[in-house]
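Here's the structure, in structure tokens; my notes come after.
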Amino acid sequence: MGVEQRVSQVLQLLLTAGVTTVAEAAFQDRLWRPGLQPLIGMADVRVVHCQVTAQTAFDRIQRRQDENSIRRAHADAYLGDHQIHAVGHHGFQLVRLGVPEIEVNTSDGYRPGLDEIVAFVNAGRSATRGYLP
């Protein structure tokens, strides 16, 4: 069983129990949509797509690798190659679930701002259903 399936099972468990839930990951469409689609019937799903330029993402990866030796345990050392990173960054397919989405530029703070993001997330909140932004 892949990590995507395990995460989906955990989310289903939390939502079934009525737990307000926020799931964060680099949700690539082809990997995550199959496991996330069943949650749509269980929760008021909102997707927040955080985006930066390939260069900003590369710089952040480099900084994390330089500042935190524990990062070596992650299988992302290949991201240190600028060209490989750029190809992956530009080929990333955002998860598309047919639910409300908002794109947020996180290059320097949040655009739109946090108040607008929170308002977007809370707009569909239902007292009788789970919640997965």
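The values are calculated or read from the model by the stated rules, or taken from the named source; none is laboratory data. Computed from a prediction, not measured in an experiment: that's the story for all the values here. Cβ sites come from the backbone with ideal geometry, for glycine too, and all protein chains shown count toward neighbours.
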Output the residues belonging to region 109-133 that are among the hydroxyl-bearing types (Ser, Thr, Tyr), surrounded by 11 or more Cβ atoms within 10 Å (Cβ to Cβ) and modelled with pLDDT under 95.
Tyr131
Run down Leu15, Leu31, Leu36, Leu11 and say which single residue is farther than 18 Å from Leu94 by Cα, under 14 Å from the mean Cα position of the chain (by Cα) and of a type in the set (A, V, I, L, M, F, W, C).
Leu11
Residues being among the hydrophobic types (A, V, I, L, M, F, W, C) and exposed (fewer than 15 other Cβ atoms within 10 Å of the Cβ) - total across region 16-72:
8
Residues of region 17-39 that turn out to be assigned to a loop (DSSP other than H, G, I, E, B), within 16 Å of Val121 (Cβ to Cβ) and not charged (D, E, K, R), as a count:
5
Qualifying residues in region 80-108 (those that are among the small types (Gly, Ala, Ser) and part of a loop (DSSP other than H, G, I, E, B)) - the one surrounded by the fewest Cβ atoms within 10 Å (Cβ to Cβ)
Gly98
